[in-house]
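Novice: This structure is in structure tokens; I'll ask about it shortly.
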Amino acid sequence: MGVRVKAPSRIHITLIDLNGNIGRVDGGVGLALENPYIELVARESENVVIKGDFENRERFAEIAEKFREKFGMGIEIDIRESFPSHVGLGSGTQISLAVGRAYTEINEIEMSVREIAEFTGRGGTSGIGVAVFERGGFIVDGGHSRKLKSSFLPSSFSRAPPPPVIARYDFPGWEVHLFVPEEKGFAGLKEKDLFERSTPLRIDEVRELSHIILMKLMPSVVEQDLDEFARAVYRIQHLGFKKAEVSQYGEVAWGFIELLKDHGAVGLSSTGPTLYFIGPRKSAKEGKRYLEDQGVEFNYIRTEARNRGAEIGV
């Protein structure tokens with residue numbers, strides 16, 4: 001018997017609280033995307049066998065081996081579709097959850113998505129990737145109690161469980177445009193260093209960011225008001241940890257944001273380098289020309305939000 005799993009990518013709009021004085025840290029805002037995505041077909045096997053010529057196939061193997069070491073059975077995975085790691089679209093979490101879900105389905109092991117995430121070390125900072133696998137849509141998570149997580153660390157260095165989802169809405173059918181540079185973003189020790197250099201944040205910035213999310217960003221999604229959503233996203237780029245993330249890419253990233261800010265929602269996904277624009281196609285073309293003029297090599301993807309979670313079937 002084979003099991004097919006299709007898992008979505010995501011835009012990570014921002015972390016919320018990297019100050020922590022209130023007793024919680026992290027928190028996240030993001031949304032699931034139809035494209036790009038992870039797709040695999042898995043079958044029973046005595047050993048771990050990975051098929052498919054993708055740059056991150058080692059990640060699939062690493063997660064499969066982790067399950068084999070715990071439960072004793074192997075798995076054969078045929079990777080049908082994938083997208084690059086360390087570009088800000090959440091491939092690490094989606095690969096972990098897709099492999100874990102396939103493994104547990106094939107071997108009739110009872111593990112929830114959140115248990116799989118914790119076992120594979122995902123969701124230790126943001127819960128957006130786990131939540132979009134579960135349900136899709138626009139997600140706000142509530143971060144971690146400082147009883148569970150006392151420091152500011154990326155997921156790859158945190159053993160905290162995935163945080164609770166405190167809001168989930170269907171996202172409007174606005175066009176989403178992704179600009180994915182060929183370069184890699186921040187990962188591993190480089191990402192850890194970014195967190196250490198940039199935290200703790202000033203409490204006034206965390207308060208402003210929280211106010212914008214609660215009273216501007218979230219209502220704009222519910223009311224399907226792209227203008228208000230765009231204004232909220234623009235201000236978010238200039239606050240807290242998101243400002244530090246964008247600044248790593250210098251004037252090119254800031255110039256892209258300024259160019260498109262009056263035409264739709266524009267920002268950096270996670271720690272980048274992927275830039276996103278939510279708005280009309282003609283304005284996205286201006287963004288493409290800008291990056292080309294700046295000498296940036298990138299892949300362009302036109303997509304939309306995904307208001308359902310991963311697909312699991314035979």
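Novice: Go through (1) touching a Gly at 6+ places or on another chain (Cβ under 8 Å); (2) modelled with pLDDT under 95 and name the single condition residue 87 misses.
Specialist: Of (1) touching a Gly at 6+ places or on another chain (Cβ under 8 Å); (2) modelled with pLDDT under 95, only one is false for residue 87: (2).
Novice: Moving on. Which one of these is buried (at least 20 other Cβ atoms within 10 Å of the Cβ), of a type in the set (Phe, Trp, Tyr), under 20 Å from the mean Cα position of the chain (by Cα) and at pLDDT 95 or above: 67, 60? Before you say what the answer is, go through the steps one by one.
Specialist: Working: 67 fails: under 20 Å from the mean Cα position of the chain (by Cα).
Going through 67, 60 in turn, just one is buried (at least 20 other Cβ atoms within 10 Å of the Cβ), of a type in the set (Phe, Trp, Tyr), under 20 Å from the mean Cα position of the chain (by Cα) and at pLDDT 95 or above: 60.
Novice: Suppose the filter is on the phi < 0 side of the Ramachandran plot, surrounded by fewer than 17 Cβ atoms within 10 Å (Cβ to Cβ), touching a residue at least 40 places away in the same chain (Cβ under 8 Å) and of a type in the set (A, V, I, L, M); does residue 222 pass it?
Specialist: yes
Novice: Let me ask you something else. Among the candidates 180, 140, 233, single out the residue that is among the β-branched types (Val, Ile, Thr), touching a strand residue (DSSP E or B) at 6+ places or on another chain (Cβ under 9 Å), under 29 Å from residue 292 (Cβ atoms) and not in a helix (DSSP H, G or I).
Specialist: Numbers: 140 fails: under 29 Å from residue 292 (Cβ atoms); 233 fails: not in a helix (DSSP H, G or I).
Every option except 180 fails the conditions.
Novice: Just to confirm my filter: which strands (runs of 3 or more DSSP E) fall fully inside the stretch 262-304 and include at least 2 residues that are acidic (Asp, Glu)? Before you say what the answer is, go through the steps one by one.
Specialist: On the way: elements: 265-268, 275-278, 298-303.
In the stretch 262-304, no matching strands (runs of 3 or more DSSP E) lie anywhere.
Novice: For residue 22, work out the one condition from (1) assigned to a loop (DSSP other than H, G, I, E, B); (2) crowded, with 20+ Cβ neighbours inside 10 Å; (3) aliphatic (A, V, I, L, M); (4) without any contact (Cβ under 8 Å) to a residue 40 or more places away in the chain it doesn't fulfil.
Specialist: Residue 22 satisfies every listed condition except (2).
Novice: Pick from 34, 69, 76: which is farther than 30 Å from residue 271 by Cα and either touching a Pro at 6+ places or on another chain (Cβ under 8 Å) or part of a helix (DSSP H, G or I) (or both)?
Specialist: Values: 34 fails: farther than 30 Å from residue 271 by Cα; 76 fails: either touching a Pro at 6+ places or on another chain (Cβ under 8 Å) or part of a helix (DSSP H, G or I) (or both).
None of the other options fit; the residue is 69.
The values are calculated or read from the model by the stated rules, or taken from the named source; none is laboratory data. Just so it is clear, the model here is predicted, and its values are computed rather than measured. Note: ideal-geometry Cβ built from the backbone for every residue, glycine included; neighbour counts use all protein chains shown.
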